[in-house]
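Okay, structure first, notes after.
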Amino acid sequence: NAMPILKEFLFDANDSVILTSATLAIANDLHYTASTYLLKADDYLSYITPSPFDYQQQSIIAIPTDNPAYNQIGENAYVEMVINNLEQIIPAVIGGVLVLFTSYAMLNKVYFALKQKTNFKEYNILAHGQDGSRTSIIQNLSQVEKTIVLGANSFWEGVDIKGTGLTTVVIVKLPFTPPNRAITSAKMEYIQKQGQNSFTQYSLPQAVLKFRQGSGRLIRSHTDWGALIILDNRIITKKYGAQFLNSLPEQPIIKGPLHEVCKQLRRFMQNKQV
């Protein structure tokens, strides 16, 4: 664990240290980040600046309400659901689409299914790990019309495309780290031994921060516009879902059956194109 080293040689060794990032806060609170660095309430001052962008006018969040939960249907059925969602969403939007996955296995299944769809022949479908380097894929997204990029891991951050090169970000699943990964499992076990809840103290805040990074790919300038589409219904059916939504800038939210969401997405996109 590097945190004790940072505490001793960085924070304690200097009169002041400034940390800045677009993704330090969770639901407008910096306590989680501070505690990660072993800082107590008296050790730091914090300030959260409002976004310089007008999210109320520039973007919308769309959440289909008729998608089943992953744990109710399993991996293969969820993949079919994602494919069905994308088949309806992609024709309804204008500009480049970035679809963010939490696993390569699911990404690949969706990728090969979309590549076989005859109604998707006009689209330039690229996948992380299938179609060249990360850099070349991102260049395609910004330069080639009707490009759909399926990405995982590194695509949740560092993608900076303005204008119609990227108007739509789709989050397939909320980015919880699988608890069976060795490091994650060890951290959760340690938290439980301290008498704390490993989900609320670790899994949830980690997922919220990554979610913020992914959603941050959308609006990159004052003139940018677009839609964030969330396919994972836990964001509205679970109590903790509010932490994800409350961590984003306030903006209009569309909720409803997929076909109705797509109608509103089409209307939003067409109005922005005028």
Exercise for the section: Output the residues belonging to the range 17-33 that are open to solvent by 90 Å² or more (accessible area, probe 1.4 Å) and not in a helix (DSSP H, G or I). Expected result: Ile18, Thr20, Asn28
Practice task
Look at the range 225-245 and say how many of its residues are in contact with a helix residue (DSSP H, G or I) (Cβ under 9 Å, 6 or more places away or on another chain), more than 15 Å from Asn85 (Cβ to Cβ) and of a type in the set (S, T, N, Q).
Solution key: 1
Handout entry: Test for Gln264: is it open to solvent by 30 Å² or more (accessible area, probe 1.4 Å), at pLDDT 95 or above and over 18 Å from the mean Cα position of the chain (by Cα)
Key = yes
Practice task
Working carefully through the options Asn119, Asn140, find the one that is free of Cβ contacts under 8 Å to residues at least 60 places away in the same chain, open to solvent by 60 Å² or more (accessible area, probe 1.4 Å), more than 21 Å from Leu231 (Cα to Cα) and not in a loop (DSSP other than H, G, I, E, B).
Solution key: Asn119
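Conditions tested, residue by residue: (1) over 21 Å from Val208 (Cβ atoms); (2) in contact with a Gly (Cβ under 7 Å, 6 or more places away or on another chain).
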site: Phe11; (1), (2): yes, no
site: Ala27; (1), (2): no, no
site: Ile48; (1), (2): no, no
site: Ile63; (1), (2): no, no
site: Met81; (1), (2): yes, no
site: Asn85; (1), (2): yes, no
site: Ile89; (1), (2): yes, no
site: Gly96; (1), (2): yes, yes
Practice task
Go through Asp66, Asp29 for me and flag whichever is out of contact with any Phe, Trp or Tyr (no Cβ under 9 Å at 6 or more places or on another chain), at pLDDT 85 or above and of a type outside the set (Lys, Arg).
Solution key: Asp66
Handout entry: Residue list for the range 1-16, filter: closer than 21 Å to Ser46 by Cβ and surrounded by 11 or more Cβ atoms within 10 Å (Cβ to Cβ)
Key = Met3, Leu6, Lys7, Leu10, Phe11, Asp12
Practice task
Give the residue that is nearest to Lys109 (Cα to Cα), with candidates limited to residues of the range 124-137 that are outside any helix (DSSP H, G or I) and among the aliphatic types (A, V, I, L, M).
Solution key: Ala127
Exercise for the section: Take Thr164 and decide whether it is in contact with a Gly (Cβ under 6 Å, 6 or more places away or on another chain), under 21 Å from Tyr55 (Cα atoms) and open to solvent by 30 Å² or more (accessible area, probe 1.4 Å). Expected result: yes
Practice task
Kindly check whether there is at least one residue in the range 216-237 that is open to solvent by less than 20 Å² (accessible area, probe 1.4 Å), out of contact with any Gly (no Cβ under 6 Å at 6 or more places or on another chain), assigned to a helix (DSSP H, G or I) and over 13 Å from Thr164 (Cα atoms).
Solution key: no
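The values are calculated or read from the model by the stated rules, or taken from the named source; none is laboratory data. For clarity, every value in this text was computed on a predicted model and none was experimentally measured. Cβ atoms come from the backbone with ideal geometry, glycine included; neighbour counts cover every protein chain shown. In case anyone asks, the SASA skips ligands and DNA or RNA and just uses the protein heavy atoms, side chains included. Shrake-Rupley method; radii C 1.70, N 1.55, O 1.52, S 1.80 Å.
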